[in-house]
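Here the structure is laid out as C-alpha cells; the discussion comes afterwards.
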Amino acid sequence: MAVQPPPTDQRTVIENVAIATVDANDTEYARGHVVLLGNTIEAVGDGPAPAWLDNVVRRINGEGHLATPGLVNTHHHFYQWITRGLAQDDILFDWLVALYPTWARIDERLVHAAGQGSAAALLKSGCTTASDHHYVFPKDGGDILGASIEAVQELGLRFTALRGSMDRSKKDGGLPPDHAVEELDDILAASETAVDRYHDSSFGSMLHIALAPCSPFSVSTDLLRQSAELARRKGVRLHTHGSETAEEEAFCKELFGMGPTDYFESVGWLGEDVWMAHCVHMNDSDIAKFAETGTGVAHCPSSNARLAAGIARVPDMLRAGVPVGLGVDGTASNESGELGTELRNALLINRLHGSPAALTGRQALRLGTMGGARVLGRQDEIGSIEVGKLADLALWKIDGVMHSSIADPVAALTFGALPPLSVLFVNGNAVVEKGQLTTVNEDRIARDCARAARELAARPV
Ligand SMILES: [Zn+2]
C-alpha cells in the first residue's frame, strides 16, 4: 500500500531549530521555525512560529537539531542490495563481467526485497527522493519494474523509476551475457507502457518514470537514438552512465571513433532533460558541452572510489554551470547504501583535486539537495526549505556526543559523522522517527533481503 499524504489542513510546527534552507541565497537561521501544512511547507523563518496557527497536530521542539531539505539521490540500482560484498577488488569492467551472470537470474520477488532494502537505507540516511536505474530484465523475471515501484511506495519514498535497458551483449561486442539483454523493439514497447502506466507529472508527484539505456558499452546506437525520441515524445527524462572509466573512453573511441560525450552528442543525448551518472573522465570541451546544454551529472564519489574509476571534476563543473547532484550508485559498488554519508565523501574526495576550497560544506549540502532536485527536473518542488515547496525535510540531531562540540551546524552534518536522524518528512509524513522507519518493520526487510541474497546466490547460472 502506498503511503497517503496527510490531510491538507493539518499542520506540523517545528521550532527552536537551526535551519539550512538551501534557497538561492543559502539563507540560514540559527534558531528558527518551519511550518508544514498538509504535504507542503507553509512557513519558514527566524524565531518562533506565528502564534495564530490552528489545526496543529504536532509540535516538535527542534532544540539541538539542524533542519535541512531532504536529500535527493540521482543514481542508484536498487536490485544490487542483494549482491553486496562481491567482486570486492575489481575495476568496473571486470566487476560487471563477474556480476552480470548473477544479476541475470533476478526476478520480481527478489527485486521487491532488494528495493525495500535500498529504500530503507536511503530514508534512514536522510534521503526523501530517489531514482532507481533498473536495466536487467530477464525474460522469465516477471513484472520487475512494477515490483520495485510497489516496494518503494510501501516505505513512502518519493521515487523516479528508471526503465533501463541493455541490447548489446557479448555476441555484439558488449559485456553482458546474451540472456541478460532484451530486443530493441521489446525495450521501446515496455518503456512506453511504463510511462503510460506510472508516470505522474503533477506537482507533488510521488512517482516519475524516465528512460535509461544502461551505458554506451551495453546498448546499441539505435537504442540510444530511439529512447531519446520516445522520451521526448512522452515528456519524460533520460538517464545513463557516462564517462565512468578510462576503459569506457577507450571502448567508445575504438567502436565509435570518439569519446563518450561526443558520442552522446551525436545521438541526441545532451540536453536539459538528460542526466548522466559519474562523468569522471571529462575534458574541458566535454564539461563545456554539458554546461551549454544543461545536461546534468550524478556524482557518485564512493562508487568511483571503490572501483578506482577516478575523481569527477565537480568543482570545474560547478564553475561552468553544469547541474550536479549526488548519487549512492548501486550497492554492489557502494555497500553502504547511505546518501547522507555521500555529503562528506563528496566534500573530501573533491578536495583531492588539490585545494581545500575545491568544495565547501555548503556546496556539498547543495549538491545533495537542490543540485539533485535540478538534475531530476524537480527544482520547483523539492531541494530547499521554501514556502510552497513539498514538505520533504530532515531533522538531524547535532547535540549528541558526536557533534555537540562542532562550531557550525552545517559542518556538523557535512564534515562530521552522519548525525542521528530524529525525524524525516516525505510529502508531509514522518517516515523516519528516531532513526527507524515508521511505515514498515525493518527487521522484516532485513530478513527478506538476507533470504533473497542467499536464494539468488544459490540459483544455477
Ligand atoms: Zn550505476
Practice task
Please indicate, with yes or no, whether at least one residue in segment 409-431 is free of Cβ contacts under 8 Å to residues at least 12 places away in the same chain and over 21 Å from the mean Cα position of the chain (by Cα).
Solution key: no
Practice task
Report, ordered by the first and then the second residue, all pairs with beta carbons closer than 8 Å, sequence separation of six or more or different chains, a first member in segment 241-252 that is of a type in the set (Val, Ile, Thr), and a second member that is open to solvent by 50 Å² or more (accessible area, probe 1.4 Å).
Solution key: THR245/ILE91; THR245/HIS281
Fill in the blank from the handout: Among PRO301, PRO315, PRO356, PRO260, the single one that is closer than 26 Å to LEU395 by Cα, in the same structural domain as ALA228 (by the TED database) and not β-branched (Val, Ile, Thr) is PRO301
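Quick check, is LYS139 more than 16 Å from the ligand (Cβ to nearest atom), at pLDDT 95 or above, basic (Lys, Arg) and surrounded by fewer than 24 Cβ atoms within 10 Å (Cβ to Cβ)?
When the stated conditions are applied, LYS139 does not pass them.
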Exercise for the section: Show the residue pairs that are 6+ apart or on different chains and have beta-carbon atoms under 7 Å apart, the first residue being within segment 173-194 and of a type in the set (Asp, Glu), the second being open to solvent by 20 Å² or more (accessible area, probe 1.4 Å) and assigned to a loop (DSSP other than H, G, I, E, B). Expected result: GLU182/PHE137; GLU182/ASP167; GLU183/ASP167
Practice task
Quick one: in segment 174-188, of everything that is of a type in the set (Asp, Glu) and not in a loop (DSSP other than H, G, I, E, B), which residue is least open to solvent (accessible area, probe 1.4 Å)?
Solution key: ASP178
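Yes or no, residue by residue, for (1) closer than 19 Å to ALA309 by Cβ; (2) out of contact with any Asp or Glu (no Cβ under 9 Å at 6 or more places or on another chain):
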| residue | (1), (2) |
| --- | --- |
| VAL35 | no, no |
| ALA43 | no, yes |
| PRO48 | no, no |
| TRP52 | no, yes |
| VAL57 | no, yes |
| GLY62 | no, no |
| ILE82 | no, no |
| PHE93 | yes, no |
| ALA98 | yes, no |
Practice task
Give ALA43, ALA2 a once-over and let me know the one that is open to solvent by less than 50 Å² (accessible area, probe 1.4 Å) and out of contact with any helix residue (DSSP H, G or I) (no Cβ under 8 Å at 6 or more places or on another chain).
Solution key: ALA43
Practice task
Look at ALA114 and say whether it is assigned by the TED database to the domain that holds ALA309, within 16 Å of the ligand (Cβ to nearest atom), over 22 Å from the mean Cα position of the chain (by Cα) and under 15 Å from ASP329 (Cβ atoms).
Solution key: no
Exercise for the section: Only residues that are closer than 30 Å to ALA210 by Cβ and among the small types (Gly, Ala, Ser): list them for segment 29-74, please. Expected result: GLY38, ALA67, GLY70
Exercise for the section: Please work out if LYS389 is over 16 Å from GLY64 (Cα atoms) and of a type outside the set (Phe, Trp, Tyr). Expected result: yes
Practice task
Look at GLY204 and say whether it is at positive phi and in the same structural domain as ASP329 (by the TED database).
Solution key: yes
Completion exercise
The correct count of residues that are under 22 Å from PHE203 (Cα atoms), crowded, with 24+ Cβ neighbours inside 10 Å and out of contact with any Asp or Glu (no Cβ under 8 Å at 6 or more places or on another chain) in segment 152-167 is 4
Exercise for the section: Tally the residues that are surrounded by fewer than 20 Cβ atoms within 10 Å (Cβ to Cβ) and in a helix (DSSP H, G or I), restricting the search to segment 411-447. Expected result: 6
Practice task
Given the conditions (1) of a type outside the set (S, T, N, Q); (2) more than 16 Å from the ligand (Cβ to nearest atom); (3) open to solvent by less than 10 Å² (accessible area, probe 1.4 Å), report the number of the one that CYS300 does not fulfil.
Solution key: (2)
Practice task
Quick one: count up the residues across segment 257-287 that are open to solvent by 40 Å² or more (accessible area, probe 1.4 Å) and either among the hydrophobic types (A, V, I, L, M, F, W, C) or within 16 Å of the ligand (Cβ to nearest atom) (or both).
Solution key: 2
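The values are calculated or read from the model by the stated rules, or taken from the named source; none is laboratory data. Since the model is a prediction, treat every value here as computed from it, not as a measurement. Cβ: placed from backbone, ideal geometry, glycine included. Neighbour counts: every protein chain shown. We work out accessible area using only protein heavy atoms, side chains counted, and drop any ligands, DNA or RNA first. Shrake-Rupley method; radii C 1.70, N 1.55, O 1.52, S 1.80 Å.
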